[in-house]
Amino acid sequence: MCKRLIGNEIGLVGYYRFDHTNGSTLTDLSKYGNHGTLMNMSDSDWITSGAAIGDDSVYEYICHAIQFVDPDDHVMIPNDSDFEKSTLTFEFWARIDWTAGSMG
């Protein structure tokens, strides 16, 4: 499970790792280059993550992540025909911090 994609896998139309350390561009590592723009976010939203994911060994990987704090935080990805497929699969890791009763 701890193995990164290369970015040229068959059928891959977008590959966003969300592991930068700064900036407002979310780089698409697929061959299509449909880079996203972080909206309503700043460099302070990039954090060091303790998630056990990475390359071949979880023990040799320093992980960075983006935290979505406000309801209007989002990523804008260009409307491109590369995404007009009959079937799409989205895969992601998420960590949700909450306390009992805080989720409305």
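Once you put a point 7 Å from the Cα of residue 39 and another 7 Å from the Cα of residue 24, both along the Cβ direction, what distance in nm separates them?
Between residue 39 and residue 24, the simple spin-label model gives 1.3 nm.
Residue by residue, what Karplus-based ³J(HN,Hα) values in Hz, rounded to whole numbers, does segment 31-48 have, using 6.51, -1.76 and 1.60 with θ = phi - 60° and x for Gly and Pro?
Result, rounded to whole Hz: 5, 8, x, 8, 5, x, 10, 6, 9, 6, 10, 9, 4, 5, 7, 7, 10, 8.
Under 5 Å between amide H atoms, partner at least 5 residues away or on a different chain: which partners does residue 64 have, H built in plane at 1.01 Å?
49
Bear in mind that the values in this text are calculations on the coordinates, not laboratory data. In this text, all values refer to a predicted model and were calculated from it rather than measured experimentally. Every residue, glycine among them, receives a Cβ derived from its backbone with ideal geometry; neighbour counts consider all protein chains shown.
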